[in-house]
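To start, the structure itself, in structure tokens.
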Amino acid sequence: MRTLHCDVCVVGGGSGGIGAALGAAKEGASVILVEKNQILGGTVTMSWVHTWEPVCGTSALCRNIWDRMRNLPLGASDADYELSSRRLQPDGQRNPPLPFEAWAFQKAVDELVTEAGVTVVTGTSFSACTGEGRRLTGVIAASAFETIEVKAKAFIDATADIVVARAAGCSYTIGAEARSAYDEPHAPGKADPIALNYVNWCYRVRPGSRLPLIRTHTPFPQEAIRPSRFEVAMPNGDILVNPCGMLVADPSSPEDFAAAVRRAWELAFEVHRWTVEEGGCTDRSLIGLAPEIGIRETYRLQGAYVLTENDILDGRMSYPDLVCSCDHPLDLHGYIHLELERPYGIPLACLETKEYDNLYVASRGASFSHIAASSCRLSRTIMTLGEAAGAAAATLRS
Ligand SMILES: Cc1cc2nc3c(=O)[nH]c(=O)nc-3n(C[C@H](O)[C@H](O)[C@H](O)COP(=O)(O)OP(=O)(O)OC[C@H]3O[C@@H](n4cnc5c(N)ncnc54)[C@H](O)[C@@H]3O)c2cc1C
């Protein structure tokens, strides 16, 4: 086993991990970023969630990535970035989202990590960690070719499913908390571990082309097809379809989870067939499905502070360690959709584990309640939180 050394090791290279690696490097730390896929970007590049919803509080890094994507032919739309830096206009209208291409994001991020001197180890999956008391000392990860151990002074779990924090024995939870946990107005009376925000398989259609409809082996009953779709025009005229509200997948049961993923893949074909045959979109062809399913929620850290619905509805900003703000609605896709009257803050403590002094979580799996996570999980918010975790981790190197 080869051993690598650095100041800050980031595991997971999605929005949170990219922010974390660049945030730590900006503070002068040597950084190793370990990612299980062959490319960075996570949900953005692999699940084709390459649209940034309008939201406030995002960092200059997001703007830098946007400007780089805009400089690539057909890399990003000509939507107004400034306008998309807050959710609503004064009259309550939603500001436009920012669509871009997954390849443009990948290129911009690759340039940034190279310029920052981050060592990127792709195709390598975290498997175990070592620690002494309140300090994590190393992570072990394996590719098809070798196993490595990364020794670092600080670690950031940006795997979304908090695989490092769970392996290290940190407190975590899953699903909806009971009302008694945090007195959240929308919380159910009893905790529900499989009340999870939906998984979706995004796909891409091209208007004006003529490809046959694909029929799946196990057609879905009509009532299972929610024709509510979030559609975004890409710079080249294609349409990216996010067929909202597909299925809940329970990660605590691997067999059920795998079955739900396969059903979601078939459902993407069914939703497309419905839009053509019954939804009146006869002039469009399905030209591709994302390589991976989009997962909104699995395990969440129970960290130094748990952000709740009450913090969000109160617009609470008064944290000594405030690192980010956000104004995205509470959005549990059908169950709750509540626009906010004002932005709220997120403290660094939501990224800190209770058990370790040098392990942070910077992903959608950070320390938010189920309801709070439905608001603060947006890509740019998570990237901004990642940067804050990276900067904090970098201070631990001396
Ligand atoms: C269907 C859908 C639609 C959405 N719509 C929008 C939208 O319109 N706008 C918006 O801003 N946000 C949207 N979101 C939310 C947003 O995309 C995600 O919350 C955000 O991208 C999550 O970033 P992350 O870094 O937490 O996780 P991810 O992007 O999932 O990154 C986690 C990374 O960790 C890696 N990893 C996992 N396990 C390991 C391991 N063992 N070893 C090494 N690496 C590992 C993964 O490969 C991945 O690259 C949507 C999400 C979904 C699913």
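Derivation of every value follows stated rules applied to the coordinates shown; laboratory data play no part. What you see is a predicted model; the values in this text were computed from it and never measured. Heads up, the Cβs are rebuilt from the backbone with ideal geometry, glycines too, and the neighbour counts pull from every protein chain shown.
Classify the stretch 199-295: rounded, prolate or oblate, from the alpha-carbon gyration tensor (a ≥ b ≥ c, eigenvalue square roots; a/c under 1.5 rounded; otherwise prolate if a/b is larger than b/c)? Note, shape of the stretch 199-295 comes out prolate. Counting only DSSP beta bridges with both residues in the chain, tell me the antiparallel percent, nearest 5. DSSP beta bridges in the chain are roughly 70 percent antiparallel. Backbone amide hydrogens, once placed in the peptide plane, bring Arg284 within less than 5 Å of Gly208, excluding anything fewer than 5 places away on its chain.
Could you please rank His186, His5, placing first whichever residue has the fewest other Cβ atoms within 10 Å of its Cβ? Don't skip to the end; give the middle numbers.
Values: His186 16, His5 13.
Ordered from fewest to most neighbouring Cβ atoms within 10 Å, His186, His5 come out as His5, His186.
Just to confirm a number: summing +1 for Lys and Arg and -1 for Asp and Glu over residues other than Ile336 whose beta-carbon lies under 15 angstrom from that of Ile336, what do you get?
Numbers: positive: Arg179, Arg296, Arg377; negative: Glu177, Glu184, Asp192, Glu297, Glu309, Asp331, Glu339.
Neighbourhood net charge equals -4.
Could you state the number of Å between the C-alpha centres of the stretch 44-59 and the stretch 241-286? So the separation of the two Cα centres works out to 21 Å.
Note on the chain: with a GNM built from Cα contacts shorter than 10 Å, the maximum mean-square fluctuation among Leu112, Leu338, Leu351 falls on Leu338.
Apply the membrane-span-like helix rule to the chain: whole DSSP H runs, Cα extent along the own long axis of at least 18 Å, mean Kyte-Doolittle hydropathy at least -0.5. List the helices found. List each step's numbers first, then the result.
Details: long enough: 102-116 (21 Å, 0.18); 254-277 (34 Å, -0.30); 379-394 (22 Å, 0.62).
Helix filter hits for the chain: 102-116, 254-277, 379-394.
Kindly provide the helix-only [θ] at 222 nm of the chain, computed as the sum of -39,500 (n - 2.57) over DSSP H runs of four or more divided by all residues, to the nearest 500 deg cm²/dmol?
Rounded to the nearest 500, it is -8000 deg cm²/dmol.
If you rank Tyr360, Tyr335 by fewest surrounding Cβ atoms within 10 Å, what's the result?
Details: Tyr360 33, Tyr335 16.
Going from least to most buried by this count: Tyr335, Tyr360.
Among Asp238, Asp314, the ranking by other beta carbons within 10 Å of each residue's beta carbon, starting with the fewest, stands as Asp314, Asp238.
GluC sites (Glu not before Pro) within the stretch 235-285: which are DSSP loop residues with at most 13 other Cβ atoms inside 10 Å?
Numbers: sites: Glu255, Glu266, Glu270, Glu277, Glu278; in loops: Glu278.
Of the GluC sites (Glu not before Pro), the ones in loops of the stretch 235-285 whose Cβ has at most 13 other Cβ atoms within 10 Å are Glu278.
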